[in-house]
Amino acid sequence: MTCSHCGQVNPADARFCVGCGAPLATRGEPSAYRPVDREDHDLQPRNLDQLISGTIAVYRSDPRSFWVLAIVPQIPALISIFTPVVIAWLFVLVGFVAYLVAFAATVHATGQRTLGQSIDVGRSLSLAWSRIVPLILAALMVVLALGGSAILAVILVGIPLCFYLLVNWFFIVPAIMVENTAPRAALSRSSSLVRDWWWQTFGNGIVFVILIVLMTIVVNIPSILLLSIANSSAGSIAASIASIVIFPVIPIAATLVYLDLRVRKDDYTLGDLALEIGRRNPWSDT
């Protein structure tokens, strides 16, 4: 498959050019891609407004697929409501793993939409599950580090340290899912991307947090009303539905900011993204 835009030779089953990221015509079909200047379709640095509008655009492009992914961590959470306390703790652990899988799968799905591909929910979930080992190990490293900073918070030193680490390590899941890094390398990679852009990343994060809080308040109004009339089961189900609606926003936004940092620091292109999210996963053999 030769790209009609840049001339790059691609594998026969490729859907997107590994050189420029342009869609490739399938055999016997004319290309729907109209050649344009590279600057018109490749990744570009984005300001805060563009990151917010980009997050909304990606979400709106296929909300049902994102909701299917968001259901994954809600299943053990709902089951735990109707189980004894001892068993419920088991579902909390299962829910933690399910959350990581759903978050990672949404990162991959966001990469697919960024390339103009349809979201393959099964592939995204399968790829996220195959990388569950580095995802869990990286998450445990972050939890332990943040736990230590929380202890230091008693003497106030830990408060700024906690914020510093949160911003530095916020992109470990995209690093694992897109670049296929090992756990410790994911932490280092996230920190290196944030370096020189820490304050801008922190500021963008604050704005996104405010927007997510406002969104959470609005979509949780039904569950709050149900709980106010002492209907706890219906209120819990309504809260889970609200969580499904809200959940995709964070990984979508995180992925777009991650890609923006790579564009700024690595001259990252759609071709690079197309190549990386299709890379074979070495962790799948472990």
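Some notes on this structure:
- Residue in the range 196-212 that is in the same structural domain as Val143 (by TED's automatic domain parsing), charged (D, E, K, R) and within 24 Å of Pro134 (Cβ to Cβ) present: no
Yes or no, residue by residue, for (1) polar (S, T, N, Q); (2) free of Cβ contacts under 8 Å to residues at least 40 places away in the same chain:
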{"residue": "Ala77", "(1), (2)": "no, no"}
{"residue": "Ser126", "(1), (2)": "yes, yes"}
{"residue": "Ala138", "(1), (2)": "no, no"}
{"residue": "Ala145", "(1), (2)": "no, yes"}
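- Here Phe91 passes the criteria (1) loosely packed, with under 11 Cβ neighbours inside 10 Å; (2) in a helix (DSSP H, G or I); (3) modelled with pLDDT under 80 except the one numbered (1).
- Failed item in (1) at pLDDT below 90; (2) closer than 26 Å to Asp260 by Cα, with Ala150 passing the rest: (2)
- Taken together, the residues in the range 96-141 that are in a loop (DSSP other than H, G, I, E, B) and of a type in the set (Lys, Arg) amount to 1.
- Cβ separations smaller than 9 Å between residues 6+ apart or across chains give the following pairs from the range 31-55 residues that are within 25 Å of Phe66 (Cβ to Cβ) and at pLDDT below 55 to residues that are among the aromatic types (Phe, Trp, Tyr) and surrounded by 14 or more Cβ atoms within 10 Å (Cβ to Cβ): His41/Tyr33.
- Breaking point among (1) among the hydroxyl-bearing types (Ser, Thr, Tyr); (2) modelled with pLDDT of 90 or more; (3) more than 14 Å from the chain's Cα centre (by Cα), for Ser243: (2)
- Residue count, the range 252-280 (criterion: assigned to a helix (DSSP H, G or I), touching a Cys at 6+ places or on another chain (Cβ under 8 Å) and farther than 27 Å from Trp67 by Cβ): 1
- Exactly one residue among Val58, Val121, Val97, Val68 is of a type in the set (A, V, I, L, M), under 20 Å from Leu261 (Cβ atoms) and either within 17 Å of the chain's Cα centre (by Cα) or not assigned by TED's automatic domain parsing to the domain that holds Leu273 (or both), and that residue is Val58.
- Scanning the range 187-198 turns up no residue that is among the charged types (D, E, K, R), within 18 Å of the chain's Cα centre (by Cα) and at pLDDT below 90.
The values are calculated or read from the model by the stated rules, or taken from the named source; none is laboratory data. This one's a predicted model, so the numbers in the text were calculated from it and none came from an experiment. We place every Cβ from the backbone using ideal geometry, glycine too, and count neighbours over all the protein chains shown.
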